[in-house]
Amino acid sequence: MDVFPDFDGLEGIGDLREVIGALLTFVLIIAVLMLIVCAIVWALSTANGHHAAATKARIGAWTALGAAVLAGAGVAWLNWLIDLGQQL
């Protein structure tokens, strides 16, 4: 049995896929940039003894890392589910 979602069944689905792809790109770019900024602030504030700023930067870095992982894993998970649906 060949089961695959009918992406052409709705009008404008191609536009929706482009918008979602563009949003995912923005999420990944912003998450990576925030990870870089937070890591730099974390390092500088730790080196200079600003423990409150270091704690906030560390939380920001972990949050940005989590957002990047979730955004990237979401695509992989969706592709895995589509491939699994084809096997049923």
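The values are calculated or read from the model by the stated rules, or taken from the named source; none is laboratory data. Remember, it's a predicted structure, so these values are computed and weren't measured experimentally. Counting neighbours? That spans all protein chains shown, and the Cβs are built from the backbone with ideal geometry, glycine included. Quick note on the areas: whole protein, heavy atoms, side chains included, nothing else; ligands and nucleic acids left out. Shrake-Rupley method; radii C 1.70, N 1.55, O 1.52, S 1.80 Å.
The requirement of being loosely packed, with under 12 Cβ neighbours inside 10 Å, over 9 Å from the mean Cα position of the chain (by Cα) and of a type outside the set (Ser, Thr, Tyr) is satisfied by Ala47. Mind checking which pairs have a first residue in the range 63-75 that is under 17 Å from Trp42 (Cβ atoms) and a second that is assigned to a helix (DSSP H, G or I) and open to solvent by less than 30 Å² (accessible area, probe 1.4 Å), Cβ under 8 Å, 6 or more apart or different chains? Taking only residues 6 or more apart or on different chains, the pairs are Ala64/Ala31; Ala64/Cys38; Leu65/Ala31; Ala67/Ala31; Ala68/Ala31. Within the range 46-71, the set of residues being in a helix (DSSP H, G or I), more than 11 Å from Ala31 (Cα to Cα) and not charged (D, E, K, R) comprises Thr46, Ala47, His51, Ala52, Ala53, Ala54, Thr55, Ala57, Ile59.
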